[in-house]
Amino acid sequence: MYTPRAFALDDLPEAQQLIQHTRLAQLVTVGENGLQASHLPLLLNPDEGPHGTLYGHLAKANPQWRDLQNGREALVIFAGAEAYVSPAFYPSKAEHGKVVPTWNYLAVHAYGKADVFSDAERLLKVVSALTDHHEQGRAQPWAVSDAPADYVDAMLKAIVGFALPIDRLVGKRKLSQNRSAADMAGVREGLAASADVRDQTLARFIPQGVAE
């Protein structure tokens, strides 16, 4: 990921927080069939390894797990808040007109080699932890143990789990830091006033005060 210095996200806890708040990640691998990608919910153990370890699973019918098994490096993409930035947001537009549209966004790319497993007990821990994570906050959370045991056993036989220790992280916070303080404020205010909740979300990340 191309990351100019002004946009680099080097803070590990902040990068891990973005990972944990991303509900659906993109797993990208390369193998005999070329590039493959799957969209997956993943769990991060932030304390396992220097950058944390990701846990997830794939359908056994999905050949991508074999790419993980071959020991090659995989890429996992976590896309955070994003928004189109109109030149109309910049006060400098009225001064000289030398402005163009852009896109602001948060993203983290995680790289590592995965450990693939099909052990039922280990798989059960992964799917249970994923379910508990996404069911939290519901009035009546559903748990894997709510389903018949024989049905769960059959489902576990149809998936393959993986643990991916993160060897390196590349994070990016493109939030108009390369603009003047006035332009940054204009972007923040313009996005905050949008009717689109995605724009409003991104606005909350734009720094207050002087540009970085």
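The values are calculated or read from the model by the stated rules, or taken from the named source; none is laboratory data. All figures in this text were calculated on a predicted structure; none of them were measured in a lab. Cβ coordinates were reconstructed from backbone atoms using ideal geometry, including for glycine residues, and neighbour counts include every protein chain displayed. Quick note on the areas: whole protein, heavy atoms, side chains included, nothing else; ligands and nucleic acids left out. Shrake-Rupley method; radii C 1.70, N 1.55, O 1.52, S 1.80 Å.
Per-residue 3J(HN,Hα) values for the range 156-172, derived from phi via the Karplus relation 6.51 cos²θ - 1.76 cosθ + 1.60 with θ = phi - 60°, read 5, 6, 9, 10, 10, x, 8, 10, 10, x, 7, 7, 8, 10, 10, x, 9 Hz in sequence order (x marks Gly and Pro). Taking the charge dipole of the chain about its Cα centre, with +1 at Lys and Arg Cβ atoms and -1 at Asp and Glu Cβ atoms, the residue from Gly34, Pro63, Ala193 reaching farthest to the positive side is Ala193. Rg/Rh for the range 144-212 stands at 1.37; both radii use Cα atoms, and Rh follows the Kirkwood definition.
Each peptide in 30-37, 168-175, 3-10 was scored by the mean count of other Cβ atoms within 10 Å over its residues; highest first, the order is 168-175, 3-10, 30-37. Residues in the range 190-206 carry Karplus couplings, in order, of x, 6, 5, 7, 5, 7, 8, 4, 5, 5, 4, 5, 5, 4, 5, 8, 5 Hz; the curve used is 6.51 cos²θ - 1.76 cosθ + 1.60 with θ = phi - 60°, and Gly or Pro positions show x. Computed from backbone phi, the HN-Hα couplings of the range 127-135 come to 5, 5, 5, 4, 4, 4, 5, 8, 8 Hz, rounded to whole numbers (Karplus: 6.51 cos²θ - 1.76 cosθ + 1.60, θ = phi - 60°; Gly and Pro given as x). With only Cα atoms counted, the range 73-179 has Rg and Dmax values of 22.0, 70 Å.
Volume per residue for the range 102-143 equals 121 cubic angstrom (convex hull of Cα atoms).
When the Gaussian network model of the chain links Cα atoms closer than 10 Å, the mean-square fluctuations of Val76, Val126, Val99 top out at Val99. Taking amide H as placed 1.01 Å from N in the peptide plane, Thr3 has no amide H partner under 5 Å among residues 5 or more places away or on another chain.
Sort Glu73, Glu95 by accessible area with a 1.4 Å probe, largest first. Present the calculation step by step, with values, prior to reporting the outcome.
Details: Glu73 85, Glu95 140 Å².
The ordering from most to least exposed comes out as Glu95, Glu73.
Separation of the range 81-98 and the range 130-159, taken as the distance between their Cα centroids, equals 47 angstrom.
So, for the chain, what is the accessible surface per residue at a probe of 1.4 Å, expressed in square angstrom?
Working: 11730 Å² over 212 residues.
Value returned for the chain: 55 Å² of accessible area per residue.
Near Glu73, no amide H atom lies under 5 Å from its own; only residues 5 or more places off or on other chains count, and H is placed 1.01 Å from N.
Springs between alpha-carbon atoms under 10 Å, Gaussian network over the chain: tell me which of Ile159, Ile77, Ile19 tops the mean-square fluctuations. Comparing Ile159, Ile77, Ile19 in a Gaussian network model of the chain, the most mobile one is Ile159.
Solvent-free Debye calculation, one equal scatterer per alpha-carbon of the range 44-99: log10 I(q)/I(0) at 0.28, 0.29 Å⁻¹ equals -1.15, -1.15. As a ratio to 2.2 N^0.38 Å, the alpha-carbon radius of gyration computed for the chain takes the value 1.22. For the range 25-126, the orientation-averaged shadow of the C-alpha convex hull comes to 9.6 nm² (one quarter of the hull surface).
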